[in-house]
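Presented below is the structure to which this report refers.
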Amino acid sequence: MEALRELSRNHTLGNPVRLGVMLYLLPRGRVLFRDLLEVLEVTPGNLDSHLKALEKAGYIEIYKVIADRPRTAVRITEKGVKETAEYLKSLRKVLDGIQSSSE
Amino acid sequence: MEEVRELKNVLERVEGKLIAAGKMYGAMNFAVWLAIMLLYYVMLGIFDIPWQFNLIYWPAAFIVATSFTGRVWERLKRLGKAVDREIEGSKISGILIMASWITGIILGWGIIPRMGVGVSEGAALAVGFLSFITLSIFGMWLVFARYSGVEREIIPSFLIPAMGIPIAWNMETGAMVWAGFTVALSFTLTILWYLHSAFKAIER
């Protein structure tokens, strides 16, 4: 369990909201800010701070689009795809390790 | 331990949804080609279309469909990375897929109909059309199998047209329409199989 806590603590995606953003983006590529708000059920301020952290890490890009009115959109980067895939792999490995050591 | 099991369960469900998204994109890809082909048949029934129309419709349709396929391909690459089914050498595989379609076009529309195959002119065209679909999609399937993994869902879309070739060969009339329906059936089965796989991945 310590390995799992360590992984979550030391990774940008250790936070469930950030992981949720990346998993929602993976099949879609880009989404509107308001769609993320609806799916993740967080406040705009909370989501904004997590998106800024992901942008700083180079996992996403935040930009403006003209929809029904100017909107904020988010797109996943190549680095974001790679890191999310790596994180999922690490998570699977850690969980498998914990389960096999307890059996 | 209960927590770990629960987390693994969540992770597996997430992966299942990502796999399902990939399967749905596969289905959409075939649905676009099916719609383009069926739209052509619908227009044939409504308008008195000259043969020159083919020179505009099919290149335009090819551009629309390949741009859609390209976008789907990008998404499949992303999803492949996340679920450990990365499409290796995506540039090479993209070129090989294009090569299989170009080979299919040259053989199916250029060479085979001029080889005197079939009992009539319509039969020769139908044999060429079915050969084009068979060769192009079989080539694409081989590339997927080599670089990403075997996509069983694609099998009906080249196997059924291949089985239709000897039947179209002996048709004196209506061979081209019959070939069109055969291809439409094969693509529909592929779409259904993709959707079935998607739901299976979600429910696993």
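Out of the stretch A:61-88, which residues are over 12 Å from the mean Cα position of the chain (by Cα), β-branched (Val, Ile, Thr) and either in a helix (DSSP H, G or I) or exposed (fewer than 15 other Cβ atoms within 10 Å of the Cβ) (or both)?
A:Ile62, A:Val65, A:Ile66, listed by residue number.
Can you go through B:Met28, B:Met43, B:Met1 and tell me which one is in contact with a Ser or Thr (Cβ under 6 Å, 6 or more places away or on another chain) and either loosely packed, with under 11 Cβ neighbours inside 10 Å or more than 30 Å from A:Lys93 (Cα to Cα) (or both)?
Testing whether each residue is in contact with a Ser or Thr (Cβ under 6 Å, 6 or more places away or on another chain) and either loosely packed, with under 11 Cβ neighbours inside 10 Å or more than 30 Å from A:Lys93 (Cα to Cα) (or both) leaves just B:Met1.
Quick one: is A:Leu25 assigned to a helix (DSSP H, G or I), closer than 25 Å to B:Glu74 by Cβ, within 12 Å of the chain's Cα centre (by Cα) and more than 11 Å from chain B (Cβ to nearest Cβ)?
No.
Given B:Val150, B:Val127, B:Val119, which one is outside any helix (DSSP H, G or I), out of contact with any strand residue (DSSP E or B) (no Cβ under 8 Å at 6 or more places or on another chain), more than 19 Å from B:Ala27 (Cβ to Cβ) and among the β-branched types (Val, Ile, Thr)?
So the residue among B:Val150, B:Val127, B:Val119 that is outside any helix (DSSP H, G or I), out of contact with any strand residue (DSSP E or B) (no Cβ under 8 Å at 6 or more places or on another chain), more than 19 Å from B:Ala27 (Cβ to Cβ) and among the β-branched types (Val, Ile, Thr) is B:Val119.
Please specify each residue of the stretch A:4-22 satisfying the condition of being part of a helix (DSSP H, G or I), surrounded by 14 or more Cβ atoms within 10 Å (Cβ to Cβ) and either among the polar types (S, T, N, Q) or under 13 Å from the mean Cα position of the chain (by Cα) (or both).
A:Ser8, A:Thr12, A:Leu13, A:Gly14, A:Val17, A:Arg18, A:Leu19, A:Gly20, A:Val21, A:Met22
Applying the selection to the stretch A:40-60, what residues are under 13 Å from the mean Cα position of the chain (by Cα) and outside any loop (DSSP other than H, G, I, E, B)?
A:Leu40, A:Leu47, A:Asp48, A:Ser49, A:His50, A:Leu51, A:Lys52, A:Ala53, A:Leu54, A:Glu55, A:Lys56, A:Ile60
Given the conditions (1) assigned to a helix (DSSP H, G or I); (2) more than 9 Å from chain A (Cβ to nearest Cβ); (3) at pLDDT below 90, report the number of the one that B:Arg5 does not fulfil.
B:Arg5 satisfies all of (1) assigned to a helix (DSSP H, G or I); (2) more than 9 Å from chain A (Cβ to nearest Cβ); (3) at pLDDT below 90 except (2).
The values are calculated or read from the model by the stated rules, or taken from the named source; none is laboratory data. Just so it is clear, the structure is predicted and the values come from calculations on it, not from any experiment. Note: ideal-geometry Cβ built from the backbone for every residue, glycine included; neighbour counts use all protein chains shown.
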